[in-house]
Amino acid sequence: MAASSSPLNLSSPKTRLELGRRPDCSVPNFVKLRRDASKTKYLPSRLCVASAANGGGFRNPVVEGDGIIIVDHGSRRKESNLMLNEFVIMFRDKTKYPVVEPAHMELAEPSIKDAFDSCVQQGATRVIVSPFFLSPGRHWHQDIPSLTAEAAKDHPEVSYVITAPLGLHELLVDVVNDRITYCLNHVAGEEECSVCAGTGKCRLYN
């Protein structure tokens, strides 16, 4: 198929997200190209552009033999911990990855060690630890790496990697906006939602 001869609109957001330094891959969605992009540490040093050959994105590097651990902080509230389980089910169903385990950094089970062991028992030869956190704070810099390294000691034949936290991602704008819309609709209807049921929080404070 011949490439389009129409000029690029360099001012459009879509074009700014697709432009980079190589013609065979795309800038990740969580990267926001700004006028001062060279000054932000959140912008990767290697940018690349989308192409029809790869569907406009990076190839999926998750392969057979990979196990994924999605780890949150952990809570003393059972309901909060169960929410991670529900997310892991949604994640597994949508991605079709065969080995995905939840873990809590502290205060609840399963621990990172429990989840690591479970991944290996299911055949994982590489474990990918994905922090269910927004920003790269102390837990990402220190606690999760320390706990993961301790868990890996029992499996010297298994490699592992700890991904960056969620960070700045375009889709988080939609998530936050949906939550605001949902809650305001409940407040306007004077009806508690399932999240706030029994708490009295679904109301407007004067």
Between the stretch 102-150 and the stretch 173-201, the alpha-carbon center distance in angstrom: 31
In Å², nearest 10: area of residue 96 left accessible to a 1.4 Å probe: 150
Descending semi-axes in Å of the stretch 60-206, equivalent ellipsoid built from Cα gyration tensor: 33, 16, 15
Amide hydrogen neighbours beyond the local backbone of residue 160, cut-off 5 Å, H modeled: 127
Residue 134/residue 183 FRET efficiency (R0 22 Å; Cβ-Cβ; nearest 0.05): 0.70
From phi via Karplus (6.51, -1.76, 1.60), per-residue ³J(HN,Hα) for the stretch 145-160 in Hz, x at Gly/Pro: x, 5, 5, 5, 4, 5, 5, 6, 4, 7, 9, x, 7, 9, 8, 8
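Can you work out the FRET efficiency for the pair residue 202 and residue 164, with r the C-beta to C-beta distance and R0 = 25 Å, to the nearest 0.05? Intermediate values should be presented prior to the final figure.
Working: r = 34 Å, r/R0 = 1.38.
It comes out at approximately 0.15.
The values are calculated or read from the model by the stated rules, or taken from the named source; none is laboratory data. Remember, it's a predicted structure, so these values are computed and weren't measured experimentally. When we count neighbours, we look across all protein chains shown, and the Cβ atoms used for this are built from the backbone with ideal geometry, even at glycine. Side chains included, ligands, DNA and RNA excluded: accessible areas come from the protein's heavy atoms. Shrake-Rupley method; radii C 1.70, N 1.55, O 1.52, S 1.80 Å.
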